[in-house]
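*Asks:* Shown below is the structure under consideration.
Derivation of every value follows stated rules applied to the coordinates shown; laboratory data play no part. Computed from a prediction, not measured in an experiment: that's the story for all the values here. Here the Cβ positions follow ideal geometry from the backbone for every residue, glycine too, while neighbour counts run over all protein chains shown.
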There are 2 protein chains.
Amino acid sequence: MDRVAIIGVSMTQFGVREGSWIRDLLSEAAMDCIETTGIVPKNIDHVYVSNMASGEFEGQTGIMNALVHDIGAIPAYTARIDQTSASGGAGIYAAWQSIASGQSDMTLLVGGEKMTHTSTSMATEIISTLTHPVEYKHGVTLPSFAGLIAQLYLHKYNASRESLAKVAVKNHKNGVDNPHAHFRKEVDIEAVLNSPIVADPLRLYDFCPITDGSAALMFCSESRAKKITQDYVVITGIGGATDTHVVHERREPTTLDAVVNSSNKAYEMANKTPNDIDVAELHDMFTILEILQSEDLGFFNKGEGWKAVEQGVTDIDGELPINTSGGLKSKGHPLGASGVAQVHELYHQLMGTAGKRQVDAKTGLACNIGGFGNCAITTILESI
Amino acid sequence: MDRVAIIGVSMTQFGVREGSWIRDLLSEAAMDCIETTGIVPKNIDHVYVSNMASGEFEGQTGIMNALVHDIGAIPAYTARIDQTSASGGAGIYAAWQSIASGQSDMTLLVGGEKMTHTSTSMATEIISTLTHPVEYKHGVTLPSFAGLIAQLYLHKYNASRESLAKVAVKNHKNGVDNPHAHFRKEVDIEAVLNSPIVADPLRLYDFCPITDGSAALMFCSESRAKKITQDYVVITGIGGATDTHVVHERREPTTLDAVVNSSNKAYEMANKTPNDIDVAELHDMFTILEILQSEDLGFFNKGEGWKAVEQGVTDIDGELPINTSGGLKSKGHPLGASGVAQVHELYHQLMGTAGKRQVDAKTGLACNIGGFGNCAITTILESI
């Protein structure tokens, strides 16, 4: 089978992008990706936009039609893909399918979200509507879930609070070398442990920020890619899965079954095991989530992910570097952009163009999750 | 190539569904489709939800994850597909690709929108945000575009005002026999011509209503369909395209280029011409739109669609019946559901199960449009 290739990537500066609106951010990333790849906009067949809530954040919908117009890609087909905070991963899946099904010869995916113009409480309220009403109407938001499940994890596996803080410390350190990151400053364990409590035991520095930004990827078949460039990576595995929409119905709250199931599909398709993964971008919306995912993806045994962090296994110079980009924690989490930006990082790691963040990697894995693991999409990429 | 089949369909009552919310409507259609097809929810691989704006209408997002939970389909992958008023068509395209790319063996598509709990002005405002800000911020809504372009069409092609009214009369007549339709009453030409002016020359009865409802389709490969049932239709052509996002930049405002381009793709893929189409469901959000589409799909020459309506060619007993379901005009237009409900009607027409609305048809075409033709998706279905 002709594999699906990514022939170029781009991302905007993540951060507080005052004066830019969602349409500006999407166009900026799209035009950069078009310029990088040299693809003529008129030759793009499908354009997918990963975005959760431009209507709620900005009172603007139809942003995918606007984007196609703005970048000169009419009459390309377009649709917006929403899978809450995993909209980027869902967009990757849609773009992959458009190529694999033969409907598109060249597909542009652009993910983005504009969030910082609203108050933190309003942004939290918009995000909360992605959970079950029985949860958010009683005040159980995603951060409070993170606190509850972190508490359970620490208790159940006798894990150290410091290991959670270490995730933040590690990802901030990596982010310093990422010019696109929202935060480019190191924090130490004391700073995390002394930051204000948000949801006990988690504190402010255990959470990713609210961020504006956009990222883009260009997809085509490998046979077509070969005619265009030497610089591409291939997607060899991809899969998505859901878990209960109410977290209290989970069989085991410290296991994200959607991550388990989506990664099993991706591993099977790529004919890989967790041991084959050289570098990974995980969805560290909260520090606890990176540890849970590192276990549910099969990198470490259940209840031992925290030890791997403490031992430096997931450091940039460790055995399995996780979130070399800085992760959502320091890079920022513009919902629809995050899954796309994960693959942006893996592309550069596999191509050997990650600059100061470069690690030795031939196979990378991205895991993007919606809600508190209500849905997950896992993508495996390989260099050629 | 193994073609993509639709093995079962369902739709809820369209209308004012007081007391039901978007989640209720989606679940109702989904469960009906599951029951009709006998597919066990756990055997569904992908679930797509076509919906434009549940966050704006209801303050509820994540509805696709909720649906998968509610119907017992966990761990099925899911995403929400938005292409404004063409979200249903875009969902069909996503579902088609999921099967054609081999990622899913069984895909459920559910389209729906809950709108009537808001005021008409609020609903119009939410819908208006799908157009370019330069338009809606200056008060140019979709209904006013319809008025402007109807005026131009009547003038340019010396068409009769009565032909527009006749579209409403025809579709209301068809809707009487559709038990799922929002309105099941005939109107006569005088009633249309004497209804209140909305956007000159168009009057209230030239417009579809604001409606709640949901519809669902079950997709699998034809080879799998054959093992399950004798009752299926195949999608032999599908294509989507965009046009300028600002209507005043169109080369010729009475031609919907997105319809032309999307249908050309679908015809080519199906190896069909407009002459091969036996029955069609068009996007008659406004009466003028049905006439424009009937020309841009190649059924009639440009400027002659109005004559076909006057001559009864598109009547249910005419040469090319259009909107046997009653169309958006009498069936109603719950944004995300409409494109799905179009194919619901064609399935029944091709299967010979359309009851009093039955026509003689082996090949059907659905055209779902977003905005004022900002995007269009055309689907061609055939009986086996």
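*Asks:* Would you mind checking which residues have amide H under 5 Å from B:GLY8's amide H? H placed 1.01 Å from N; only 5 or more apart, or other chain.
*Replies:* B:MET218
*Asks:* In a Gaussian network model over chain A where Cα atoms closer than 10 Å are linked, find which of A:TYR157, A:TYR232, A:TYR205 has the largest mean-square fluctuation.
*Replies:* Top of the fluctuation ranking is A:TYR157.
*Asks:* Specify whether the C-alpha gyration tensor of region A:323-384 places it in the rounded, prolate or oblate class, a ≥ b ≥ c being the square roots of the eigenvalues: rounded for a/c under 1.5, otherwise prolate if a/b is larger than b/c and oblate if not. Could the numbers behind the result be given before it?
*Replies:* Working: a/c = 2.61, a/b = 1.53, b/c = 1.70.
Here region A:323-384 falls in the oblate category.
*Asks:* So, one more: Once Lys and Arg get +1 and Asp and Glu get -1 on their Cβ, which of A:VAL359, B:ALA90, B:TYR153 lies farthest toward the positive end of the dipole of the protein assembly as shown?
*Replies:* The residue sitting farthest along the positive end of the dipole is A:VAL359.
*Asks:* How high is the relative contact order of region B:255-334, in percent, with contacts defined as C-alpha pairs under 8 Å that are six or more residues apart?
*Replies:* Relative contact order of region B:255-334: 33 percent.
*Asks:* Related question: Take peptide A:91-99, look around each residue's Cβ out to 10 angstrom, count Cβ atoms belonging to other protein chains, and average those counts.
*Replies:* Values: counts 1, 0, 8, 7, 0, 3, 12, 5, 2.
Per residue, the average neighbour count from other chains is 4.
*Asks:* Of all DSSP beta bridges located in the protein assembly as shown, what percent are antiparallel, nearest 5?
*Replies:* 70 percent
*Asks:* Name the residues of region A:130-157 whose amide N is less than 13 Å from a point 7 angstrom out from the Cα of A:THR118 along the C-beta direction?
*Replies:* Backbone N within reach: A:130-131.
*Asks:* Mind listing the label-point distances from A:PRO196 to the same position on all other copies, shortest first, one decimal in nm, points 7 Å along Cα→Cβ?
*Replies:* 5.0
*Asks:* Also, I was wondering about something else. What are the nm distances, shortest first, from A:GLU304 to its equivalents in the other copies, labels at 7 Å along Cα→Cβ?
*Replies:* 7.6
*Asks:* Follow-up. Using only alpha carbon pairs under 8 Å that are at least six residues apart, calculate the relative contact order of chain B and give it in whole percent.
*Replies:* Relative CO of chain B lands at 26 percent.
*Asks:* Along the charge dipole of region B:186-247, which of B:ALA215, B:GLY240, B:ILE228 sits closest to the positive end, that is, farthest toward it, with unit charges on the beta carbon of Lys, Arg, Asp and Glu (+1, +1, -1, -1)?
*Replies:* B:ILE228
*Asks:* Can you give the mean number of other chain Cβ atoms that lie within 10 Å of the Cβ atoms in peptide A:51-58?
*Replies:* The shielding value for this peptide is 4.
*Asks:* Test of the criteria: in region B:180-282, which trypsin sites (Lys or Arg not before Pro) are in a DSSP loop and have at most 11 other Cβ atoms within 10 angstrom of their Cβ?
*Replies:* Within region B:180-282, the qualifying trypsin sites (Lys or Arg not before Pro) (loop, at most 11 other Cβ atoms within 10 Å) are B:LYS185, B:ARG251.
*Asks:* So, one more: How far is A:MET122 from itself in the other copies, in nm, if each label sits 7 Å out from Cα along the Cα-Cβ line, shortest first?
*Replies:* Label-point separations across copies, in nm and ascending: 1.8.
*Asks:* Decide, for region A:67-157, between rounded, prolate and oblate: order the square roots of the alpha carbon gyration tensor eigenvalues as a ≥ b ≥ c, take rounded if a/c falls under 1.5, and otherwise choose prolate if a/b is larger than b/c, else oblate.
*Replies:* prolate
*Asks:* Right, another one. Nothing charged except the Cβ atoms of Lys and Arg (+1) and of Asp and Glu (-1): what's the magnitude of the dipole of region A:208-292 about its Cα centre? Round to the nearest 20 debye.
*Replies:* 420 debye
*Asks:* Follow-up question, since we're still on this one. What is the set of long-range amide H partners of A:ILE71 at a cut-off below 5 Å, with H atoms built 1.01 Å from backbone N?
*Replies:* Hits under the 5 Å cutoff: none.
*Asks:* Expressed as a whole number of Å, what is the distance separating the alpha-carbon centroids of region B:139-170 and region A:113-141?
*Replies:* 43 Å
*Asks:* Can you compute the charge dipole magnitude of the protein assembly as shown about its Cα centre, using +1 on each Lys and Arg Cβ and -1 on each Asp and Glu Cβ, nothing else charged? Give it in debye, rounded to the nearest 20.
*Replies:* With Lys and Arg at +1 and Asp and Glu at -1, about 160 debye.
*Asks:* Fewest first, what order do B:THR324, A:THR244 take by the number of other Cβ atoms within 10 Å?
*Replies:* A:THR244, B:THR324
*Asks:* Mind checking the mean number of beta-carbon atoms from other chains within 10 Å of the Cβ atoms in B:117-129?
*Replies:* Average neighbour count from other chains, rounded to a whole number: 1.
*Asks:* Under a point spin-label approximation (7 Å from Cα along Cα-to-Cβ), what is the A:GLN151-A:GLN230 distance to one decimal in nm?
*Replies:* Roughly 5.7 nm, to one decimal.
*Asks:* So how far, in whole Å, is the C-alpha centre of region B:241-290 from the one of region A:1-77?
*Replies:* Each part's Cα centre sits 24 Å from the other's.
*Asks:* To the nearest 0.05, how large is the calculated FRET efficiency for A:LYS307 and A:ASP200 if R₀ is 30 Å and r is the Cβ-Cβ distance? Please list the in-between numbers first.
*Replies:* Details: r = 23 Å, r/R0 = 0.75.
Result of the calculation: an efficiency of 0.85.
*Asks:* Work out the length of the dipole vector of chain B about its Cα centre, built from +1 on the beta-carbon of each Lys and Arg and -1 on the beta-carbon of each Asp and Glu, and round it to the nearest 20 debye.
*Replies:* With only Lys, Arg, Asp and Glu charged at Cβ, the dipole is about 180 debye.
*Asks:* Which of the aspartates and glutamates could a cross-linker bridge to A:LYS227, judged by Cα under 13 Å and excluding same-chain residues fewer than eight apart?
*Replies:* Of all the aspartates and glutamates, those that pass the test against A:LYS227 - Cα under 13 Å, at least 8 places apart if same chain - are A:ASP105.
*Asks:* Which of rounded, prolate or oblate describes region A:251-312 when judged by the alpha-carbon gyration tensor and an a/c cut-off of 1.5?
*Replies:* Since a/c reaches 1.5 but b/c is at least a/b, the shape of region A:251-312 is classed as oblate.
*Asks:* Here is a follow-up. Using θ = phi - 60° and the Karplus form 6.51 cos²θ - 1.76 cosθ + 1.60, what ³J(HN,Hα) does each residue of region A:218-233 get, whole Hz, x for Gly and Pro?
*Replies:* The phi angles translate into 10, 10, 7, 6, 5, 5, 6, 4, 4, 7, 9, 7, 8, 9, 8, 10 Hz.
*Asks:* A further question on this structure: Given the rule -39500 (n - 2.57) for each run of at least 4 DSSP H residues, summed and divided by the residues of chain B, what is its mean residue ellipticity at 222 nm, to the nearest 500 deg cm²/dmol?
*Replies:* The helix-only estimate for chain B comes to -11500 deg cm²/dmol at 222 nm.
*Asks:* I need the phi-derived Karplus couplings for region B:201-217: 6.51 cos²θ - 1.76 cosθ + 1.60, θ = phi - 60°, integer Hz, Gly and Pro marked x.
*Replies:* My calculation for region B:201-217 gives x, 7, 10, 3, 7, 7, 10, 6, x, 8, 9, 9, x, 8, 8, 9, 9 Hz in order.
*Asks:* A follow-up question, please. Do you know the relative contact order of region B:170-323, to the nearest whole percent, from alpha carbon pairs under 8 angstrom that are 6+ apart?
*Replies:* Relative contact order, region B:170-323: 17 percent.
*Asks:* For A:LYS173, which lysines qualify as cross-link partners when the Cα separation must be under 27 Å and same-chain residues fewer than eight apart are set aside?
*Replies:* Partners found: A:LYS114, A:LYS185, A:LYS302, A:LYS307, A:LYS329, A:LYS331, A:LYS356, A:LYS362.
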